[in-house]
Amino acid sequence: MKNFLKSFSVLFILTLLVSCGNADDDVNLDLITGDGLGKGTEVDDCLGLEEGELVLSIQEQYTTLPGKVSVFFRVSDTGGNPVPGLTANQFTIYEQGRNDDCFKTISTSESSARISPNSQIFSNNTLLVLDLSNSVLSSSLDELKLASTSFIDAVMPSTPQESVKMAIYWFDGEDELHLLNALTTSRAELKDAVDGITNDISNDPSTDLYGAVIKSTDIASELVKVSTAGGKIGAASVVIFTDGTDQASRFTEDAALKKVNDANANISFFSIGLGAEIDTEVLSAIGKTASVFAQNKDELERTFRDISEKVSERANSFYLFEYCSPKRDGSGENNLAIEINTGSRQGAVQTKFSANGFTGGCE
């Protein structure tokens, strides 16, 4: 049998629920978005599951009396691409207690297995940062407004959710990142803010791109810090649009890229470039998660749509999977394996949980 993780920390104590896991004062709230199984391990050989095309990276897990097991994880393919849209019926649960030679399949229907709203433990904020220097305002403002509106529609849920928010900032040549609309759950409010942009909004025709990168990263870092303070995992996405290069020279390229590369792991960076004057190499480094480029303003909506899909896919590739375990108090530490099978791709991960205090009645 392959080695298991020695222990798992219970990260979250949900309001009005009693947790029966082990507390850990030194919990790490960073998302695990790289290669590998996160806080999970490979499944035991006795299950006979072959290596699959999907990777389940366990972020955290906890148990709730009288018998619920909750596992928060990210699903990606072997290339690291996020996999959104999975449903509970695509999961198979296996448990192994101290008296079991191998794992036993747990009925997903009898165990009330479900994909629960991960807003219980996961919040996601997006910062849309727009270049409103003179070149944009004079030649492509209408296209930018249309593209930004499409981006908002794609990223923000039609029904406001407290766990999904967006703010919009803009920059020109000034040493300031201007707030267009504060962080909100309202899609309509954000669209109204974009619609209200006029071509006389800026007083400085230059472009302080590097300053915008540094300042927006600082804002995103603070948002992640605040959102994790309440016992949640907080993530943020910084999406920067520009049609040129840094002209203001207030900050250096090295300083901007260092800020991005040193940022909290829970922050994703996306960049959108327009026209022939952009530096694609620099913008690719700024948008280290993903970058897209439009040759002309007619392609702008498409590029914004491409990035909106990547932002949404990343957020929606995190799942809170919950089920009611048949294990009971006194059964000690139990092994748990979760398999995903979409029909064309599959993957699995293994972890452990304690059934201390478990009784019947879980729903």
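The values are calculated or read from the model by the stated rules, or taken from the named source; none is laboratory data. Since the structure is predicted, the reported quantities are computational estimates derived from the model, not experimental observations. With ideal geometry, Cβ positions are generated from the backbone for all residues, glycine too; neighbour counts draw on all protein chains shown. These accessible areas exclude ligands, DNA and RNA; they are computed on the full protein's heavy atoms, side chains included. Shrake-Rupley method; radii C 1.70, N 1.55, O 1.52, S 1.80 Å.
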- the range 256-281-the range 161-179 distance, computed between alpha-carbon centres (Å): 16
- Message: Report the per residue volume, in Å³, of the convex hull enclosing the C-alpha atoms of the range 142-295.
- Response: 109
- Task: Compute the signed sum of charges (Lys and Arg +1, Asp and Glu -1) over the other residues within less than 10 Å, Cβ to Cβ, of PRO326.
- Result: +1
- Task: From the C-alpha gyration tensor of the range 172-233, pull out the three semi-axes of the equivalent ellipsoid (sqrt of 5λ each), sorted largest to smallest, in whole Å.
- Result: 26, 19, 6
- Using the beta-carbon distance between ASP204 and THR252 and R0 = 22 Å, what value does 1/(1 + (r/R0)^6) give for FRET efficiency, to the nearest 0.05? 0.70
- Query: For SER216, SER109, what's the largest-to-smallest order of accessible area, 1.4 Å probe?
  - Reply: SER109, SER216
- Item | Translational diffusion of the range 36-183, µm² s⁻¹ [Kirkwood Rh, Cα pairs; Stokes-Einstein; 20 °C; 1.002 mPa s] | 109
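Can you run the Rg to Rh ratio on the range 117-231? Use alpha carbon positions and the Kirkwood inverse-distance Rh.
1.00
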- Item | Environment charge at PRO66 (Cβ cut-off 14 Å; Lys +1, Arg +1, Asp -1, Glu -1) | 0
- Item | Percent breakdown of C-alpha pair distances by 5 Å bin, ordered from the shortest bin, for the range 88-127 | 6, 17, 19, 14, 16, 11, 9, 5, 2, 1, 0
- the range 90-214 - percent relative contact order, Cα under 8 Å, separation 6 or more: 25
- Kyte-Doolittle mean at least 0.5, axial Cα span of 15 Å or more - DSSP H helices of the chain: 141-155, 209-229
- Query: For the chain, what is the mean residue ellipticity at 222 nm derived from helices alone (per DSSP H run of n ≥ 4: -39500 (n - 2.57); sum divided by total residues; nearest 500 deg cm²/dmol)?
  - Reply: -7000 deg cm²/dmol
- Query: Mind checking the dipole of the chain: about its Cα centre, +1 per Lys or Arg Cβ, -1 per Asp or Glu Cβ, Debye to the nearest 20?
  - Reply: 1360
- Would you please report the Å³ per residue occupied by the convex hull of the alpha carbon atoms in the range 274-359? 159
- Query: With all protein chains present and a 1.4 Å probe, how do SER249, SER119 order by accessible area, largest first?
  - Reply: SER249, SER119
- Message: Let me check I've understood the local charge: for GLN96, count other residues with C-beta under 12 angstrom from its C-beta, Lys and Arg +1, Asp and Glu -1. What total comes out?
- Response: -1
- Between ALA212, ALA265, ALA236, find the one with the highest GNM mean-square fluctuation for the chain; connect C-alpha pairs within less than 10 Å. ALA265
- Quick one: how many Å² of LEU37 are accessible to a 1.4 Å probe, rounded to 10? 40
- Query: On average, how much area does the Cα convex hull of the chain cover when viewed from any direction, in nm²?
  - Reply: 18.8
- Measure of exposure for ARG305: accessible area at 1.4 Å probe, Å² rounded to 10, is 110
- What is the range 40-126 by shape, rounded, prolate or oblate, if you read a ≥ b ≥ c off the alpha carbon gyration tensor as root eigenvalues and call it rounded for a/c under 1.5, prolate for a/b larger than b/c, and oblate otherwise? oblate
- Please say if the range 240-299 is rounded, prolate or oblate, where rounded means a/c under 1.5 for a ≥ b ≥ c the square roots of the C-alpha gyration tensor eigenvalues, and otherwise the choice is prolate for a/b larger than b/c and oblate otherwise? oblate
- Accessible area of PHE251 in the full protein assembly, 1.4 Å probe (Å², nearest 10): 70
